[in-house]
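Working notes for the structure below.
The values are calculated or read from the model by the stated rules, or taken from the named source; none is laboratory data. All of these numbers come straight from a predicted model, not from anything done at the bench. Virtual Cβ from ideal backbone geometry, glycine too; neighbours counted across all protein chains shown.
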Amino acid sequence: MFKEIYETIKKFDKIVLARHVGPDPDAMSSTMSLKDSIMLTFPKKHVYAVGSGSSRFTYFGKLDKLDDMKDSLLIVLDTPDIRRIDGVKIEDFKKIIKIDHHPFVDKFGDIEYIDDAASSASELVLELINETPLKMNKEIASKLYLGIVSDTNRFMFNNTIGKTFKIVSKLIDDYKLEIDKLYEPLYLRPFNEVKFEGYIGLNLSITEQGVAYIKLPNTLLQEFNVDAASPGNMINNFNFIEEVLVWVFFTEDVKNENIRVSARSRGPIINEVLARYNGGGHKYASGARIKTMKDSDLIIKELDLICKKYKEGETREN
């Protein structure tokens with residue numbers, strides 16, 4: 001499959017890379033590192049990375065704007081479903097490649113490489129580069145490392161397996177990565193965000209079955225001078241609360257006229273719930289977009305029910 005992807009990339013002079021709405025570090029890393037690798041390998045190709053950006057992730061590189069997609073190849077990374085592709089319409093492209101590590105949702109690529117056992121889309125891009133003539137340098141290696149670190153929460157999530165450690169170890173050795181310095185842009189935050197995280201901790205509500213939740217209106221975001229992406233970026237910091245099995249943030253996004261939903265779990269499978277609300281993702285890490293805060297109560301109720309079933313042993317994985 002990697003050879004087929006490489007040969008397809010080789011055929012096209014114009015290539016567009018896209019990922020899911022509301023980008024996280026893995027989405028940005030996999031997109032920008034593959035763009036850089038293609039440009040390093042084929043300097044004469046026109047390669048673009050598109051989608052709405054985030055000021056928090058500018059260290060991954062600058063996003064591009066497009067006009068003409070005619071005769072272009074589209075590569076979609078870290079995105080299982082059509083509706084969550086950011087910045088493009090798939091019907092505008094001559095051929096489409098999908099590279100993803102989420103459970104399968106939609107078939108929209110002419111070539112689809114899906115490995116839901118992989119730690120991240122960045123790990124898949126690293127494998128693609130390792131298994132083909134695509135080139136790598138220290139800058140690309142650094143971006144891929146950060147993508148893998150982020151999506152595994154520093155290798156603490158159960159999507160981290162022996163294979164992940166092996167390829168990351170080789171990456172560090174081959175490109176002499178100074179990982180302590182790489183962490184700084186990923187984890188360094190302004191004081192207002194630290195205070196905002198403290199506010200969330202102080203104001204979380206917890207249901208009887210162990211669902212922690214908070215609703216964050218735009219007025220509150222303005223008070224702390226944070227954007228709508230901030231709560232989703234800090235949600236992993238609320239792991240390991242003894243009384244909590246599932247935690248979910250509902251954030252008003254005025255710019256996009258919706259409510260961002262970010263959810264995590266320490267056991268109950270939550271992606272099926274979020275999929276019913278214009279979202280989805282991994283079993284234990286999912287997101288969605290809803291129209292009003294009223295829908296948040298429905299999601300909380302459903303998550304509370306799956307927590308109850310989980311405690312009773314009905315939905316535990318073997």
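Annotations for the structure displayed:
- Test: I15 is in contact with a strand residue (DSSP E or B) (Cβ under 8 Å, 6 or more places away or on another chain) and assigned to a strand (DSSP E or B): yes
- In segment 134-188, the residues that are of a type in the set (A, V, I, L, M, F, W, C) and over 22 Å from L40 (Cα atoms): V149, F155, M156, F157, I161, F165, I179, L186, L188
- Within segment 76-103, the residues that satisfy the criterion of being of a type in the set (D, E, K, R) and either within 19 Å of G287 (Cα to Cα) or buried (at least 18 other Cβ atoms within 10 Å of the Cβ) (or both) are D78, D81, R83, R84, D86, K98, D100.
Residues checked against (1) at pLDDT 95 or above; (2) touching a strand residue (DSSP E or B) at 6+ places or on another chain (Cβ under 8 Å); (3) not in a loop (DSSP other than H, G, I, E, B):
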| residue | (1), (2), (3) |
| --- | --- |
| L144 | yes, no, yes |
| S150 | no, no, yes |
| R154 | no, no, no |
| V168 | yes, no, yes |
| D173 | yes, no, yes |
| K181 | no, no, yes |
| L186 | no, no, yes |
| K195 | yes, no, yes |
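- The helices (runs of 4 or more DSSP H) located wholly in segment 219-318 that include 3 or more residues which are more than 23 Å from Y187 (Cβ to Cβ) and among the aliphatic types (A, V, I, L, M) occupy 271-275, 294-311.
- Taken over segment 112-144, residues that are exposed (fewer than 15 other Cβ atoms within 10 Å of the Cβ) and under 22 Å from F165 (Cβ atoms) amount to 5.
- Residue match in segment 84-99 (condition: within 30 Å of G162 (Cβ to Cβ) and assigned to a loop (DSSP other than H, G, I, E, B)): no
- Yes/no for G51 being crowded, with 21+ Cβ neighbours inside 10 Å, in contact with a strand residue (DSSP E or B) (Cβ under 9 Å, 6 or more places away or on another chain), more than 19 Å from I111 (Cα to Cα) and small (G, A, S): yes
- Segment 27-58, subset among the charged types (D, E, K, R) and at pLDDT 95 or above, residue nearest to S72 (Cα to Cα): K45
Results for (1) in a helix (DSSP H, G or I); (2) over 20 Å from the mean Cα position of the chain (by Cα), shown as yes or no for each residue.
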site: K3; (1), (2): yes, yes
site: D26; (1), (2): yes, no
site: S29; (1), (2): yes, no
site: K35; (1), (2): yes, no
site: P43; (1), (2): no, yes
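- Which listed residue is outside the structural domain of D227 (by TED's automatic domain parsing), under 18 Å from the mean Cα position of the chain (by Cα) and of a type in the set (V, I, T), from I96, I179, I85: I85
- Restricting segment 116-143 to residues that are of a type outside the set (G, A, S) and in contact with a Leu (Cβ under 6 Å, 6 or more places away or on another chain), the residue that is nearest to D24 (Cα to Cα): V125
- Test: residue in segment 114-123 that is more than 23 Å from I5 (Cα to Cα) and either assigned to a loop (DSSP other than H, G, I, E, B) or touching a Lys or Arg at 6+ places or on another chain (Cβ under 8 Å) (or both): no
- Within segment 200-214, restricting attention to residues that are assigned to a helix (DSSP H, G or I) and either over 25 Å from the mean Cα position of the chain (by Cα) or of a type in the set (D, E) (or both), the residue that is surrounded by the most Cβ atoms within 10 Å (Cβ to Cβ) is N203.
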